[in-house]
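Beneath this line is the structure, given in C-alpha cells, with notes to follow.
Readers should treat all values here as calculations from the given coordinates under stated rules, not as data from a laboratory. The structure presented is a predicted model; accordingly, all values stated were derived computationally and were not measured. Using ideal geometry, Cβ is built from the backbone for each residue, glycine included, and neighbour counts are taken over all protein chains shown.
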Amino acid sequence: MSERIVIFGATSAIAAEVARVYAARGGRLFLVGRDAGKMAQVKAALGASVAGFELADLTEGARSPSLVERAHHALGGIDIVVIAHGLLGDQQESEQDLDEARRILEANFLSVVGLVIPVANYFEARGGGHLAVLGSVAGDRGRPRNYTYGAAKGAVALYLQGVRARLGGSGVGVHLLKLGPVVTPMTVNHKKNILFARPPTVAAAIVRAIDAGKAEAYVPWFWRFIMAIVRAVPDPLFRRIRALQER
C-alpha cells in the first residue's frame, strides 16, 4: 500500500521538497497551507500524488482536529504526518513588543501543540504511524539573534520528549528534526555562509531520518557536533564569542 502522508505548512520551501520526495516514491499526499497561490504551484508540481488539500491558518488551533479528520477521509488513513510550518518573526521587535513575541511563540509552539494533540491521539488509537516536527538548532541555546524563536523551538523539543515517552509502547514514532539554517524565503535577509543548506538536501535528510525511526536528528548531520560544542561553552565565555552574539 502507498504511504499516506499529511504535510502541514506544505507551501514552505522545505515542506514542498519533502512532499516531492514522498511523491517520487509513490506516496499519496494531503497538503495543508495558508497561501493559495503557493498551494496551487505545489499541487501542480506534484500532480496526481495529491489526494486532497486545505487552505488554513495553522495558528487557528480550533481547526486542527477537523484538518486531521479531513486528511484521514481523503487518504483513507494516515501513515505519516509532517508538521513544517513556522515563523522567524522580528527578534528585536519581540524584545519591545509583547504582541510580536506572542506571534512568534504562537506560530512556532502553540500552533504546533494544537496539531500534535489530535495527530498523537489519532496514531495512538490506530496503534502506529509517524509524527514528525521540523524544529531548529536555535532551540538548543538562546542567542541574541533569535532567542524568542529559539525559545519556541526549545519548547517544542521538550514537549515532543513527553509525547514520545507517553506513546513509547504504542508503536508510534515521534520525530524531531533540528534544522540548521537553510536557503529559503525565511532567511532571505540573512548573510549566507557555508553552513547554509539547500531545501532538496534538507528534505532528503528529513525523510531518511523518519524512515530510520530517529527520535531526534540534526539536519544536516554536522549540526549535531556544532551544537554539542555550543551547548558546552560556559556562559561567561559564550557571551564573549562574537560569532554567537551577533544580532
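Cα centroid distance between segment 104-121 and segment 187-245, in Å?
Value for the Cα centre distance between the two parts: 22 Å.
If you count, for each residue, the other Cβ atoms within 10 Å and average over each peptide, how do 117-128, 169-180 line up from highest to lowest? Can you show the working numbers first?
Details: 117-128: 16.5, 169-180: 19.9.
Highest mean packing first, the order is 169-180, 117-128.
For the chain, please report how many Lys pairs fall under 26 Å Cα to Cα, leaving out neighbours fewer than 8 apart on the same chain.
Counting lysine pairs in the chain gives 11.
Order 157-164, 132-139 from most to least packed using the mean count of other Cβ atoms within 10 Å.
So the order, starting with the most tightly packed, is 132-139, 157-164.
Counting Lys and Arg as +1 and Asp and Glu as -1, what is the net charge of the other residues whose Cβ lies under 15 Å from the Cβ of ASP235?
My count for the surroundings of ASP235 gives +4.
Quote the charge dipole size of segment 170-241 about the Cα centre in Debye, to the nearest 20; the model charges only the Cβ of Lys and Arg (+1) and of Asp and Glu (-1).
Magnitude of the dipole: close to 280 debye.
Would you work out if segment 138-216 is rounded, prolate or oblate? Take a ≥ b ≥ c from the square roots of the eigenvalues of the alpha-carbon gyration tensor; rounded if a/c is under 1.5, else prolate when a/b is larger than b/c, oblate otherwise.
Taking the square roots of the gyration eigenvalues as a ≥ b ≥ c, segment 138-216 is oblate.
Quick one: Cα centre-to-centre distance for segment 141-162 and segment 47-84, in angstrom?
Each part's Cα centre sits 25 Å from the other's.
Could you please report the charge total around GLY77, scoring K, R as +1 and D, E as -1 over all other residues with beta-carbon less than 11 angstrom from its beta-carbon?
That sum, taken over residues with Cβ under 11 Å, equals +1.
In Å and whole numbers, how far do the C-alpha atoms of segment 4-245 stretch along each principal axis, longest first?
The Cα atoms of segment 4-245 stretch 55, 41, 34 Å along the principal axes, largest first.
Could you pull out the chymotrypsin sites (Phe, Trp or Tyr not before Pro) across segment 169-247 that fall in loop regions by DSSP (anything but H, G, I, E, B) with no more than 13 other Cβ atoms inside 10 Å?
Values: sites: PHE196, TYR218, TRP221, PHE222, TRP223, PHE225, PHE238; in loops: PHE196, TRP221, PHE222.
Within segment 169-247, the qualifying chymotrypsin sites (Phe, Trp or Tyr not before Pro) (loop, at most 13 other Cβ atoms within 10 Å) are TRP221, PHE222.
Defining a contact as two alpha carbons under 8 Å apart and six or more residues distant in sequence, what relative contact order in percent does segment 1-72 show?
Contact order relative to length: 31 percent.
Compute the angle between helix 199-211 and the longest alpha-carbon principal axis of the chain, please, reported from 0 to 90 degrees and rounded to the nearest 10.
70
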